[in-house]
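Shown next, in structure tokens, is the structure this report addresses.
Just so it is clear, none of the values below were taken in a lab; they were calculated from the coordinates. All values reported here derive from a predicted model rather than from experimental measurement. A quick note on method: Cβ atoms are made from the backbone with ideal geometry, for glycine too, and the neighbour counts reach across all protein chains shown.
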Amino acid sequence: MNKKNILAGLALVAGLAMPSLAAASAGGEPPKHPAQGWPHEKIIGAHYDRAAAQRGFQIYKEVCHACHSLKLVSFRQLSGIGFSEPEIKAIAASFTVMGEPDPDTGEVAERPGKPFDYIPSPFANPEAAAASNNGAVPPDLSLMVKAREGGASYVDSLLSGYRDPTEEELKHVAGGKIPDGGYFNPYKAGHVIAMPPPLSDGIVTYTEGQPPATVEQMSYDVSTFLAWAAEPKLEERKRTGFFFVSFLLILCGLLFASYRRISKRVLGH
């Protein structure tokens, strides 16, 4: 992994959990997240954009995993976003995990990952994570989308929302200027965060036939992947819910029709 990707990984999505450097003023509330029309948020026909989720996993692996864990996701679960068994084996083998203790010495040796393994943390323990990140432990990303108001739209807006502020926008920043070490982002409370822009055009290379790896596209893709990681059974749950709601509506209709027929016979109306 090159230095550019490592530095970006130290920043990526960790800023979702960072407090802003300046508190929001009365007129400095974040704007509403732009509607992306996420297919997984539909009531009927909800589904994950699997091509986007696969690209999002690539971003996680090449950028985010430099400092963020995804401890609730195993490699074999990646079949849920369309990876084949050979692809999953290859992905797992590209990670290093800790093996079983040696029965004679008790020593634990590293080994290539296998499909049944969970995606390993980039750090051996929280203390090592804190030591590498100025005393802060980077948050696990497994449930990040569910933990933030706005869900995938929040993540997408924040990651793609970096820009230079206008003079009017600076009036809503504490002190009227961006402090040293801070960056303007209208989707952060207070409009200032400590996280530098984690994505830049071309920071990852998509395979041939995929859309260009622009900041906007990568923000969408990694947000889709993290949405899936937070709720991989969402499609099944919504399909089951729709079936039972439909069944109950039909049952209610039949019961009401039966009630009308019986009441007409018994009560004469």
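Relative to the longest principal axis of the Cα atoms of the chain, helix 234-267 runs at roughly 20 degrees.
Estimated from helical segments only, the mean residue ellipticity of the chain at 222 nm is -12000 deg cm²/dmol, where each DSSP H run of four or more residues counts as -39500 (n - 2.57). Once the chain from residue 263 to residue 44 is taken as fully extended at 0.36 nm per residue, the excess over their C-alpha distance is 75.2 nm. The convex hull of the Cα atoms of the chain, projected and averaged over all directions, covers 23.4 nm². The GNM of the chain, with springs linking C-alpha atoms under 10 angstrom apart, assigns the highest mean-square fluctuation among 180, 221, 117 to 180. DSSP loop chymotrypsin sites (Phe, Trp or Tyr not before Pro) in the range 77-123 with at most 12 other Cβ atoms within 10 Å of their Cβ, which ones? For chymotrypsin sites (Phe, Trp or Tyr not before Pro) across the range 77-123 that sit outside H, G, I, E and B with at most 12 neighbouring Cβ atoms in 10 Å, the list reads 116.
One chain, two ends: residue 250 and residue 84. Fully extended at 0.36 nm per residue, the span grows by 55.8 nm beyond their Cα-Cα distance. The order of 108, 173, going from fewest to most other C-beta atoms within 10 Å of their C-beta, is 108, 173.
Which pairs break 28 Å Cα to Cα here: 146/238; 188/238; 89/233; 32/71? 188/238; 32/71, as the Cα separations exceed 28 Å there.
Among residues other than residue 109 with Cβ under 13 Å from its Cβ, the summed charge is -4 (Lys and Arg +1, Asp and Glu -1). Tally Lys and Arg at +1 and Asp and Glu at -1 over the other residues with C-beta under 13 Å from the C-beta of residue 52: what net charge comes out? That sum, taken over residues with Cβ under 13 Å, equals -2. Of the GluC sites (Glu not before Pro) found in the range 123-178, those in coil by DSSP whose Cβ has at most 16 other Cβ atoms within 10 Å are 149.
Taking 186, 211, 115 as the candidate residues, the one with maximal mean-square fluctuation in a Gaussian network model of the chain, Cα springs under 10 Å, is 211.
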